[in-house]
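The values are calculated or read from the model by the stated rules, or taken from the named source; none is laboratory data. All values derive from a computational prediction rather than experimental measurement. Backbone-built Cβ (ideal geometry, glycine too); neighbour counts: all protein chains shown. Calculation scope for accessible area: heavy atoms of the full protein, side chains included, ligands and nucleic acids excluded. Shrake-Rupley method; radii C 1.70, N 1.55, O 1.52, S 1.80 Å.
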Amino acid sequence: MAHSQQPPDRAPVQARLRPPAHRAARRVIAQWTVEYLIVTLITLVQAGVVAAVVEWFDWSILPSVVVRHIRWLPAGVAVAGLVIVAVVPTWRYRVHRWEVGSDVVYTRTGWFSRHWQLVPVSRIQTVDTEQSWIERPLGLATMHIRTASHAGSSKVAGLPVDTATLLAADLAHRAHDLRDDAT
């Protein structure tokens, strides 16, 4: 009976993924800053409405300490939002990377827990590029790479428009050629 276990004197070998070769365009920091600022402002307005309603109606269903200090809710949201706006976009820029190889698209995302994704070109079904209203004035685009499996799909954000367009066309062409070879 053959076993595929390693001998006890050898430590198991762990594969290490190198970071993908390319970062997003530096302008993506501005995009993410605007996006987080918008979310912060919306959350701040909501916190202000909640604080006003709780104070106005003096809700007795809430603990009295909450009712007494509810006016600090918008200030807390503002401070947390400003910290997020100041820190997270640059942090994301340092982590998010991408690379297109001859047979695979490789991405890395994540702030606290990292997510590496390898999408074989032969599995690609569609490649799309899009520009949000924030990306357009910055000259950026997002490329979506879709496979038959949602879990196998990926996106690369913060690409210069020309790069995204060329990569999408190249990947779609190569995926089409590989599918034709497989049938």
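Helix 28-57 axis versus longest C-alpha principal axis of the chain: approximately 30°, rounded to the nearest ten. With coordinates expressed along the principal axes, the C-alpha atoms belonging to region 57-143 extend over 63, 30, 25 Å, beginning with the largest. Here residue 153 sits with roughly 30 square angstrom of accessible surface, probe radius 1.4 Å. Mind grabbing the base-10 log of I(q)/I(0) for region 1-157 at q = 0.09, 0.13, 0.20, 0.21 Å⁻¹? Debye formula, identical points on the C-alpha positions, no solvent, two decimal places. For region 1-157 at q = 0.09, 0.13, 0.20, 0.21 Å⁻¹, log10 I(q)/I(0) is -0.52, -0.80, -1.22, -1.28. Which of these, 114, 23, 146, has the largest mean-square fluctuation under a Gaussian network model of the chain (Cα springs below 10 Å)? Maximum among the listed residues: 114.
The accessible-area ordering, largest first, of the residues 32, 98 stands as 98, 32, per a 1.4 angstrom probe. Rounded to the nearest 20 debye, the dipole magnitude of the chain is 580 debye, with +1 charges on Lys and Arg beta carbons, -1 on Asp and Glu beta carbons, and the Cα centre as origin. Once the Cα atoms are used to define both axes, helix 161-182 deviates from the longest principal axis of the chain by about 40 degrees.
Treating the angle as unsigned and between 0 and 90°, give the value, to the nearest 10°, between the Cα long axis of helix 73-95 and the longest Cα principal axis of the chain. Roughly 20 degrees between the two axes.
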